[in-house]
Amino acid sequence: MELQEIYREGFSAQHSKTKPKISFEVFPPKNGDISTLFEKVRLLKKYNPALISITYGANGGTKDLSFELIQSFIDLELNVMPHFTCVGSTRELVEHYITQIENLGIENILALRGDQVEEISNNDFKYANELVEFIHSKTTLSIGVAGYPEGHIESPDIKSDIENLKKKIDAGASAIFTQLFFDNDKFYSYVELLRNSGITLPVIPGIMPIRAVNQIEKMTQMARVTVPQKLLYQLEKFPDDTKKIGTEFAIHQCQDLIDNEVSGLHFFTLNHAGQVSEILDNIF
Ligand code: FAD
């Protein structure tokens, strides 16, 4: 099922309350152990995910496309959305890749720039909007793109970041998947800014349950993410309870997003099933 069909349009109080669509992001295991990840995803299947997305070259992971992983999720009857980045991508490579995934029956792709920008100079695509345009011109794939509730780390301000987001939409994007955030007000303000800028696409909030303190340190170095003082205080005061605190925080965060009628919840699972299951068991 394509992104446009999965997510109802927009984010507005006028819409009747419906359950948000759940999706999970996983990454190809660095040790190549697909069977362990497969088992975890099999456990998550009971939450009836609308999508399972597979990162490409993120978290230091592989840039080799894991067709074995994609195929194993297809065999589980999951709707797979592979990611793809500008980094390391020539036109030929992208064309080859998208042909292969279309042949597998895949309908959606998440098109990104990637973070290893020093590698981009040799590439055919500098920014994600160029990749979106190319994929859109060659396929009927439905294309998701990234959005940043607190602005992308390289952007001077959120306004210019939204202008650049518009370029991805004009190039053919169908849905916006956000960077993780911990302060829902940042997300709500962002959506309002997007709507005021004439962007009507579904905006799917990205949720990363905290499992370890170093995860926060890493994320706040890589991305513009505000960690609420109260959460920081709890994590510092009870270092042995990080996962429990992270789970409870995510439950409240998701509950608030649901109350505000988001169209989806996209979980950055970090390839773990237990914590996300606990969150979902508590919110539905
Ligand atoms: P772009 O949209 O190209 O934006 C990058 C920066 O350039 C922004 O500051 C933007 O404002 C600016 N910009 C954009 N277009 C232009 C333009 N035409 N002219 C001038 N400036 C411009 N990374 C991976 O490597 N693999 C993954 O699988 C992956 N998955 C992700 C999933 C999600 C949901 C998210 C939110 C991020 C993911 N990332 C992944 C990280 C992503 O690659 C980085 O955040 C990257 O720094 C930016 O990617 P982008 O697609 O948003 O880039």
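If I compute solvent accessible area with a 1.4 Å probe over the protein chains, what percent of it on the chain is carbon and sulfur?
Working: 6480 of 13230 Å².
Carbon and sulfur atoms account for 49 percent of the accessible area of the chain.
What number comes out for the charge environment of E163, summing +1 per Lys or Arg and -1 per Asp or Glu over other residues with Cβ under 12 Å away?
Value of the local net charge: +1.
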With a Förster radius of 45 Å, plug the Cβ-Cβ distance of F238 and K138 into 1/(1 + (r/R0)^6) and report the FRET value to the nearest 0.05. 0.30
Solvent-accessible area of K243, probe 1.4 Å, all protein chains present, reported in Å² to the nearest ten, please. 100
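For n ≥ 4 DSSP H runs only, could you compute -39500 (n - 2.57) per run for the chain, divide by its residues and tell me the 222 nm figure to the nearest 500?
On the way: 11 runs with 121 residues, N = 284.
Calculated at 222 nm, the ellipticity per residue is -13000 deg cm²/dmol.
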Selected from V80, V203, V94 as most flexible by GNM, with the chain as the system and alpha-carbon contacts under 10 Å: V94
Quick one: compute the contact order of the stretch 3-283, relative version, from alpha carbon pairs under 8 angstrom and 6+ residues apart, as a percent. 23
If the elastic network links every pair of Cα atoms under 10 Å, which of E25, E102, E130 fluctuates the most in the Gaussian network model of the chain? E102
Pull up the cross-link candidates among the lysines for K166, meaning alpha carbon to alpha carbon under 26 Å and not fewer than 8 places away within one chain. K21, K126, K138, K186
Dipole of the stretch 17-111, Cα-centred, from +1 at each Lys and Arg C-beta and -1 at each Asp and Glu C-beta, to the nearest 20 debye? 580
Simple Cβ-charge dipole of the chain, Lys/Arg +1 and Asp/Glu -1, about Cα centre, in debye nearest 20: 380
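If you count only protein heavy atoms with a 1.4 Å probe, what accessible area per residue comes out for the stretch 3-283, rounded to a whole Å²? Display every interim value, and only then the final one.
Details: 12980 Å² over 281 residues.
Roughly 46 Å² per residue, with all protein chains present.
What is the stretch 128-284's relative contact order, in percent, from Cα pairs under 8 angstrom and six or more apart in sequence? Before the final figure, lay out each step's value.
Numbers: 197 pairs, mean separation 36.7, N = 157.
RCO, the stretch 128-284: 23 percent.
Largest first and in whole Å, what are the equivalent-ellipsoid semi-axes of the stretch 3-283 based on the Cα gyration tensor, each being the root of 5 times an eigenvalue? Could the numbers behind the result be given before it?
Numbers: eigenvalues 144, 101, 77 Å².
Whole-Å semi-axes of the equivalent ellipsoid: 27, 22, 20.
If we count every other residue with Cβ under 12 angstrom of R211's Cβ, Lys/Arg +1 and Asp/Glu -1, where does the sum land? Intermediate results must be reported in sequence, preceding the final value.
Numbers: positive: K218, K243, K244; negative: D241, E278.
Computed value for this residue: +1.
The values are calculated or read from the model by the stated rules, or taken from the named source; none is laboratory data. Because the structure is a prediction, the values reported are computed rather than measured. Glycine gets a Cβ as well: all are built from the backbone with ideal geometry, and neighbour counts include every protein chain shown. These accessible areas exclude ligands, DNA and RNA; they are computed on the full protein's heavy atoms, side chains included. Shrake-Rupley method; radii C 1.70, N 1.55, O 1.52, S 1.80 Å.
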